Amino acid sequence: MSRPWRVAVVGGGIAGLAAAVRLRDRAPAGTEITVYEQSGALGGKLHTGELAGQPVEFGAESFLMRDPAGGESAAVTLIRRLGLAGKIVHPTVGQAALAVDGGLRPVPGGTLVGVPGDLARVATVAKPAADADRDGGRPLLGPDEDVAVGTLVRARLGDQVVDRLVDPMLGGVYAGRADDLSLVTTMPALARAARVEHTLTGAVRAAQAAAPRAPGAPVFGTLAGGLSTLVEAAATASGATIRLHAAVRELTPTADGWRLTVGPTRDPELVEADAVVLALPARPAARLLAPVTPEVATTIGGLDYASVALVTLALPNPELPALSGFLVPATEGLLIKASTFFTTKWGHLARPDGMALVRASVGRYGDETSLHLADPDLVATVHRELSGVLGVALPAPLASHVQRWGGALPQYAPGHGDRVAAARTALRAAHPTLVLAGAGLDGVGIPVCVRSGETAAEEIIEALGGSGS
Ligand SMILES: Cc1cc2nc3c(=O)[nH]c(=O)nc-3n(C[C@H](O)[C@H](O)[C@H](O)COP(=O)(O)OP(=O)(O)OC[C@H]3O[C@@H](n4cnc5c(N)ncnc54)[C@H](O)[C@@H]3O)c2cc1C
């Protein structure tokens, strides 16, 4: 191509922005990158707001420091690339609790998303099924097999381990249920180990040994100043033209690339691109793909999503335990499924006046009636339930905020990874310059989405004829 490449990145979440940065770093100099974002702000599920004069995350809160396969996570590598490594902070209080039987018990150590590697260590919270995790003489999972997390763990360790440990942990991340979620997509390291190991506790230990953590090394990090600083820095480093309020509504293949229909129906803008990264949730991605490749659209669009609301309260000098927060098993019958004590967990947010920021998330997949409550009722319910779990009468909030995330958390059914791989193979064969990225494909979490966007960028570079640097 004699003129500069023109690459369109559709979706200004972290996956799209990571793709844009990688394109800037690896595509030939002069490549024109445009990010199209339908809302008025970049970041997608990353959104730092403000409550009671304090910056606070209204979406994702932190990122994993390490990759499940070992080494630093893709989020940390990107942050380093953007010159923000000095802003990484870690929880000062890392211990979380489980709200079980009307009280708070520390989340036991040595588990992988709640699945124990040592049964004795979880005894305070759940009673594993006696002697069920026997060596049956073969690996737990076949080479291409996937199962729901709950199916595997119930069979090996019994219901209590699922209901009181694994389900609340998965609920905290996916707002979903262990009995529905794919092991391969939600716990890839455990799935890998389960293809070799004959017991589940053995698989947990093998997964942990495969990615050993230096003693005391922090698991999570966030950025002082908020995760929106990552969004802004990525947008700047990408040198991309950023188009806000620019929904892409149609994608049409042309003789040598793509035509995008952008903006409102009554006043659409048509733009040409040599290649496109679609970094969108599954449903909007499927809508754009439907006329181009209906089978791929059907596969991608079949993914279901959960909705959640995050309720943040600013409380004057409340009595809080020295915990980062707590998780609530669905069996406890509360609307709150998880709570984070921001100002306890993150030292950099602690306030000299003792004001505390406490966030609770409500909404579980398949049981989202709580989300129909109006904001003041949600705030009152969360305040009442928090007081109940903590066993104290919390003071009235000084301020509150409700952030609703409709259809935000993908519910990966078993076999998701294979379906995505097949869809990508079909798309690559028919349209190598159209590449998919984001949580709807590759899994939730900032590191996963960063890597997803970067991989998409590299595929685009290869499809357009290789790197310029
Ligand atoms: C409440 C909540 C809390 C979370 N907490 C954490 C956490 O603490 N740590 C962590 O690692 N992960 C967390 N996650 C998960 C993580 O935030 C997401 O997996 C990740 O941010 C998804 O990034 P993405 O770029 O794939 O998608 P998104 O962030 O969804 O970005 C997609 C973007 O595409 C835009 N868009 C949609 N349609 C169009 C269109 N037609 N044209 C143009 N633009 C369009 C959207 O407006 C959006 O900005 C959380 C998620 C949620 C919902």
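Listing for the model above:
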| read-out | value |
| --- | --- |
| Among (1) within 14 Å of the ligand (Cβ to nearest atom); (2) in contact (Cβ under 8 Å) with a residue 24 or more places away in the chain; (3) at negative phi; (4) not β-branched (Val, Ile, Thr) - the single one Gly325 does not satisfy | (3) |
| Criterion: among the basic types (Lys, Arg) and within 13 Å of the ligand (Cβ to nearest atom) - qualifying residue of Arg359, Arg384, Arg351, Arg419 | Arg359 |
| All helices (runs of 4 or more DSSP H) inside the range 208-303 with 1 or more residues being over 22 Å from Glu454 (Cα atoms), in contact (Cβ under 8 Å) with a residue 60 or more places away in the chain and among the basic types (Lys, Arg) | none |
| Pairs, first over 18 Å from Ser73 (Cα atoms) in the range 424-452, second near the ligand (Cβ under 7 Å from one of its atoms), C-beta under 6 Å, six or more apart | Gly440/Pro281 |
| Of all residues in the range 3-60 being more than 11 Å from the ligand (Cβ to nearest atom) and among the basic types (Lys, Arg), the one that is nearest to the chain's Cα centre (by Cα) | Arg22 |
| Some residue of the range 375-389 being free of Cβ contacts under 8 Å to residues at least 12 places away in the same chain and hydroxyl-bearing (Ser, Thr, Tyr) | yes |
| Qualifying residues in the range 259-291 (those that are more than 14 Å from the ligand (Cβ to nearest atom) and buried (at least 17 other Cβ atoms within 10 Å of the Cβ)) - the one nearest to Ala408 (Cα to Cα) | Ala275 |
| Check on Gly83, modelled with pLDDT of 95 or more and assigned to a loop (DSSP other than H, G, I, E, B) | yes |
| Filter pass, Thr340 being under 26 Å from Val161 (Cβ atoms), β-branched (Val, Ile, Thr) and buried (at least 20 other Cβ atoms within 10 Å of the Cβ) | yes |
| Candidates Ala457, Ala439 - the one that is small (Gly, Ala, Ser), surrounded by 23 or more Cβ atoms within 10 Å (Cβ to Cβ) and touching a Lys or Arg at 6+ places or on another chain (Cβ under 6 Å) | Ala457 |
| Qualifying position, being under 18 Å from Gly11 (Cβ atoms), in contact (Cβ under 8 Å) with a residue 12 or more places away in the chain and charged (D, E, K, R), among Arg81, Arg24 | Arg24 |
| From Asp118, Asp167, Asp144, Asp180, residue being of a type in the set (Asp, Glu), over 19 Å from the mean Cα position of the chain (by Cα) and under 25 Å from Pro410 (Cα atoms) | Asp144 |
| Residue count for the range 368-387, restricted to those that are within 23 Å of Asp163 (Cα to Cα) and surrounded by 15 or more Cβ atoms within 10 Å (Cβ to Cβ) | 6 |
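The values are calculated or read from the model by the stated rules, or taken from the named source; none is laboratory data. Predicted model, so just to flag it, every value in this text is computed and none were measured. No Cβ is skipped: glycine too gets one built from the backbone with ideal geometry, and neighbour counts run over all protein chains shown.
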